[in-house]
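Read-outs throughout are calculated quantities, based only on the coordinates presented, and are distinct from any laboratory measurement. Note that the structure is predicted; figures quoted are calculated from it, not measured. No Cβ is skipped: glycine too gets one built from the backbone with ideal geometry, and neighbour counts run over all protein chains shown.
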Amino acid sequence: MLVPQFADVKAVYFDLDDTLCGYWDAAKIGLKKAFEDHPEHGFTPEELLKEWSIAFRGFVETIGKTHWYEKYCESGEVTRVELMRRTLERLNIFDEELAYRLSHTYHVERQAALELFPEAIEVLEALKKDYPLGIITNGPADIQRQELQKLNITPYFDHIFVEGEHKIGKPDERIFRMAEQSVGLQPHEILFVGNSYGHDIKPSQAYGWRTCWIRRPSDVAPSSSSGRPDELPESSIPPDLTITNLLELLS
């Protein structure tokens with residue numbers, strides 16, 4: 001059962017990356033391995049990671065407004081290689097083939113390192129007995145489906161909405177309304193569990209959903225400039241529940 005303040009909840013939707021699985025932890029392992037395995041660029045892994053982080057932040061800010069978005073939705077490879085190309089370019093290295101090899105190693109090693117958080121299966125099994133479950137996840141269609149397959153959690157979910165498959169993602173209202181229609185419920189009858197305040201919690205609140213913000217100490221992107229998990233922005237509405245472990249959802 002969910003905690004008492006969620007007594008009116010009749011369905012639960014989850015984010016995927018860094019909510020159910022440790023995506024950023026896997027990404028850090030993949031990047032480190034990629035930069036170590038291809039030393040011909042002449043820079044240390046730490047130097048490459050610094051430039052990758054800068055390139056990443058710049059790319060993410062513009063990707064949804066450019067021709068890259070359609071490519072990103074369909075395949076993670078194209079934009080992943082482009083990000084490595086931009087990283088190398090910042091160091092005055094112009095080598096398309098090296099960018100591809102770095103990208104490939106990063107992808108392979110990241111996928112190999114991706115794991116569910118230890119409590120995820122226990123929580124999904126418990127909730128599945130009483131609630132329809134769903135996922136709303138941002139990211140390329142192929143990558144998100146590969147993650148779900150590797151983690152072997154698809155059977156737990158009645159509905160899965162992937163940004164790349166619909167060409168819309170969080171925080172776009174349309175993806176939330178599609179999720180509502182899939183379970184035939186009113187907004188206040190759905191709980192969203194996610195790790196991102198901006199993409200998960202804030203839009204869920206705006207669209208009338210109940211919210212649970214999971215904040216793990218490990219939830220720090222390799223591109224983070226602060227090295228710390230996100231804080232609740234000033235003057236923001238707190239989520240209905242804030243947790244550090246998914247088991248806290250269960251009473």
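Mind putting a number on the dipole of the chain about its Cα centre? Charges go on the C-beta only, +1 for Lys and Arg and -1 for Asp and Glu, and I need it in Debye to the nearest 20. Mind showing how you got there, number by number?
Numbers: 27 positive and 42 negative charges, 51 e Å.
Dipole of the chain, to the nearest 20 debye: 240 debye.
Would you calculate a helix-derived [θ] at 222 nm for the chain, using -39,500 (n - 2.57) for each DSSP H run of n ≥ 4 and dividing by the full residue count, to the nearest 500? Don't skip to the end; give the middle numbers.
Numbers: 10 runs with 114 residues, N = 251.
Value at 222 nm, helices only, nearest 500: -14000 deg cm²/dmol.
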**Asked** To the nearest 10 degrees, how steep is helix 173-183 against the longest Cα principal axis of the chain, on a 0 to 90 scale?
**Response** 50 degrees
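The chain: percent of C-alpha pairs farther apart than 32 Å?
Values: 7121 of 31375 pairs.
Value for the chain: 23 percent of Cα pairs lie more than 32 Å apart.
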**Request:** List the residues of segment 133-162 whose backbone N lies under 19 Å from a point placed 7 Å from the Cα of Lys71 along the Cα-to-Cβ direction.
**Result:** 139-144
**Rounded tilt (10° steps) of 23-37 against the dominant C-alpha axis of the chain** = 10 degrees
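Using a ≥ b ≥ c from the Cα gyration tensor of segment 94-182 (square roots of the eigenvalues), is it rounded, prolate or oblate, where a/c under 1.5 gives rounded and otherwise the larger of a/b and b/c decides, a/b for prolate?
Details: a/c = 3.53, a/b = 1.52, b/c = 2.32.
Since a/c reaches 1.5 but b/c is at least a/b, the shape of segment 94-182 is classed as oblate.
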**Request:** Mind giving me the FRET efficiency for Gln181 and Ala7? R0 is 25 Å, r the Cβ-Cβ distance, nearest 0.05 is fine.
**Result:** 0.60
**Fill in**
Counting all Cα-Cα pairs in segment 25-113, those more than 22 Å apart amount in percent to 20 percent
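Tell me the GluC sites (Glu not before Pro) within segment 153-251 that lie in a loop according to DSSP and have at most 14 other beta-carbon atoms within 10 Å.
Values: sites: Glu163, Glu165, Glu173, Glu180, Glu189, Glu231, Glu234, Glu248; in loops: Glu231, Glu234.
Sparse-neighbourhood loop GluC sites (Glu not before Pro): Glu231, Glu234.
Can you give me the relative contact order of segment 25-113 as a percent, contacts being Cα pairs under 8 Å and 6 or more apart?
Working: 80 pairs, mean separation 41.7, N = 89.
Averaging sequence separation for qualifying contacts and normalising by length gives 47 percent for segment 25-113.
Among the chymotrypsin sites (Phe, Trp or Tyr not before Pro) in segment 60-113, which ones are in a DSSP loop with at most 11 other Cβ atoms within 10 Å of the Cβ? Mind listing them? List each step's numbers first, then the result.
Details: sites: Trp68, Tyr69, Tyr72, Phe94, Tyr100, Tyr106; in loops: Phe94.
For chymotrypsin sites (Phe, Trp or Tyr not before Pro) across segment 60-113 that sit outside H, G, I, E and B with at most 11 neighbouring Cβ atoms in 10 Å, the list reads Phe94.
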**Message:** Let's test the formula: R0 of 30 Å, r as the Cβ-Cβ distance of Glu47 and Thr154. What FRET efficiency results, to the nearest 0.05?
**Reply:** 0.15
**Request:** Just grab the label-to-label distance for Ser251 and Gln146, each label 7 Å out from Cα along the Cβ direction, in nm (one decimal).
**Result:** 4.2 nm
**Message:** Students often get this wrong: which residues of segment 155-171 have the backbone nitrogen under 11 Å from the point 7 angstrom along Cα-to-C-beta of Lys129?
**Reply:** none
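For the ranges 110-116, 76-82, what's the packing order if you count other beta-carbon atoms within 10 Å of each residue, average per peptide, and put the highest first?
Working: 110-116: 16.7, 76-82: 18.4.
My ranking of the peptides, most packed first, is 76-82, 110-116.
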**Item:** Fully extended contour minus Cα-Cα distance, from Glu173 to Arg228, at 0.36 nm per residue
**Value:** 17.0 nm
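Only Lys, Arg, Asp and Glu count, each charged at its Cβ (+1, +1, -1, -1), so figure out the dipole size of segment 25-113 about its Cα centre, rounded to 20 debye. Write out the running numbers ahead of the final one.
Values: 13 positive and 17 negative charges, 61 e Å.
For segment 25-113, the charge dipole is close to 300 debye.
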